Amino acid sequence: MPTLLISRRPFLTRLLAVAALAGSAAHAQDKPLQVVASFSILADLVREVGGPDVQVQALVGPNADAHVFQPTPADARALAAADLVVVNGLGFEGWIDRLVKTSGYRGSVVVASAGVTPRKADDDEAEHGHDHGHGEGTDPHAWQDLRNAVRYVANIRDALAQLRPAHAAAIGERAAAYTTKLQALDREVRARFAAIPAQRRRILTSHDAFGYFGAAYGVTLLSPQGINTDAEPSAAGVAQLIRQIRKGQVSAVFMENISSPRLVERIARESGVAVGGKLYSDALSAPGTEAASYLQLFRFNADAIATALTAKAR
C-alpha cells in the first residue's frame with residue numbers, strides 16, 4: 001500500500017499543478033484589463049464598453065491638446081504595464097509610435113477609427129498657408145460624426161472581448177446599449193440642423209476639428225488654423241475670414257476648449273461679431289462639468305451651434 005501511495009504522488013502533483021493553472025487563468029479573466037487610451041474621448045468610450053472589466057488611463061487628459069502633447073517617462077511606464085492600448089489613428093497621435101517603442105510595450109494597439117472613411121482637409125486650407133501636420137491632409141477628428149463613433153465602439157468591443165472571452169457577452173451588451181444611445185443622438189442632431197436654413201449654417205471655430213461634424217449635419221465650417229493646432233495661420237487667411245464675417249457669410253464664431261482664445265477673439269473684434277461661446281473639439285471637460293463624457297460633449301456642441309444659428313436666423 002505505501003508503494004501505491006508513493007507511485008500516485010507524481011499524478012497528484014500534476015493534478016494540483018493543473019488546478020492551480022486553471023485557477024490562475026480564471027483569476028486573470030476576472031481581473032480588470034489595464035487599458036491605456038491616447039486621449040480623454042477614447043478613454044470614455046472604452047469605459048462605456050468595458051464597464052467593470054476595464055481600468056482606463058488617458059494619456060492626454062481633459063481640456064488638453066493631443067496635437068502638442070509631449071509624453072513623459074510616467075506615460076511610458078503606463079504603457080509598459082498595460083494589457084491593451086487604444087489609439088484614434090488617422091495620424092492624430094504623431095507621438096504614439098515612439099512612445100510604444102520607448103515603453104517596451106508588446107501587446108495589441110487597437111486603432112479605434114479602423115473602418116472609418118477618412119476625410120481630407122479642404123483644399124482652401126492649403127491656399128491659406130496651413131500646415132496640416134497629419135500626412136497628406138487627412139483629418140483625424142472622425143469622432144465628430146456620431147456614425148463614426150459607432151465604428152469606434154465596435155472596434156473597442158471586439159478588442160476587449162478577445163482579451164476577456166469569458167466576459168464577451170457582457171461587453172457586447174454594453175456596446176449595443178451605448179450604440180443605441182449614439183444612434184438616437186445622431187437622429188436628434190440631424191433633425192435639429194435640418195430645420196435651420198442651409199444658408200445660415202456657417203460657423204467659424206479655432207481650428208479645423210469639426211469637418212466630420214459639418215459633413216454629417218450640413219454645417220459649413222471655417223477656421224483660421226488647419227486640422228493641427230500647432231499650425232500657424234497666415235495673415236492673408238485671417239484677413240479673408242474677417243471679410244467673410246463682415247459680409248454676413250458666417251453666422252457664429254466659437255472658441256475651443258483646447259486652444260488659446262486670442263486669435264478667435266481678435267477675429268471677432270475686427271469683424272464686429274460676438275464670440276458665441278466655447279466648443280469641445282479634441283478633449284472632454286473636467287469630471288463633473290458640462291462635457292465630461294463623449295455623449296455630453298457631442299450634445300453640448302450641437303446645442304451651442306444650433307442655438308447660435310437659430311438666434312442669428314431670427
**Request:** Could you figure out which of (1) modelled with pLDDT of 95 or more; (2) surrounded by 19 or more Cβ atoms within 10 Å (Cβ to Cβ); (3) touching a helix residue (DSSP H, G or I) at 6+ places or on another chain (Cβ under 7 Å); (4) not hydrophobic (A, V, I, L, M, F, W, C) isn't true of His128?
**Result:** (1)
**Request:** Inspect the stretch 199-213 for any residue being within 30 Å of Ala121 (Cβ to Cβ), assigned to a helix (DSSP H, G or I) and at pLDDT 95 or above and give the result as yes or no.
**Result:** yes
**Asked** Does the stretch 141-157 hold any residues that are more than 18 Å from Arg190 (Cα to Cα) and open to solvent by 10 Å² or more (accessible area, probe 1.4 Å), and which are they?
**Response** Arg151, Ala154, Asn155, Arg157
**Item:** Test: Val189 is at pLDDT below 85 and either in a helix (DSSP H, G or I) or buried (at least 22 other Cβ atoms within 10 Å of the Cβ) (or both)
**Value:** no
**Complete:** Of the candidates Val68, Val46, Val60, the one satisfying the condition of being of a type in the set (Val, Ile, Thr), in contact with a Ser or Thr (Cβ under 9 Å, 6 or more places away or on another chain) and at pLDDT 95 or above is Val60
**Asked** Counting only residues that are within 14 Å of the chain's Cα centre (by Cα), in a loop (DSSP other than H, G, I, E, B) and either farther than 16 Å from Arg47 by Cα or touching a residue at least 40 places away in the same chain (Cβ under 8 Å) (or both), how many does the stretch 277-314 have?
**Response** 8
**Request:** Tell me, please, whether a residue that is more than 19 Å from Phe298 (Cα to Cα), of a type in the set (Val, Ile, Thr) and modelled with pLDDT of 95 or more can be found in the stretch 131-145.
**Result:** no
**Item:** Wholly within the stretch 23-110, helices (runs of 4 or more DSSP H) carrying at least 1 residues that are among the polar types (S, T, N, Q) and under 19 Å from Glu256 (Cβ atoms)
**Value:** 40-50
**Residue list for the stretch 198-210, filter: more than 20 Å from the chain's Cα centre (by Cα) and either more than 15 Å from Leu221 (Cα to Cα) or hydrophobic (A, V, I, L, M, F, W, C) (or both)** = Ala198, Ile203, Leu204
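The values are calculated or read from the model by the stated rules, or taken from the named source; none is laboratory data. Because the structure is predicted, anything quoted here is derived from the model rather than measured. When we count neighbours, we look across all protein chains shown, and the Cβ atoms used for this are built from the backbone with ideal geometry, even at glycine. These accessible areas exclude ligands, DNA and RNA; they are computed on the full protein's heavy atoms, side chains included. Shrake-Rupley method; radii C 1.70, N 1.55, O 1.52, S 1.80 Å.
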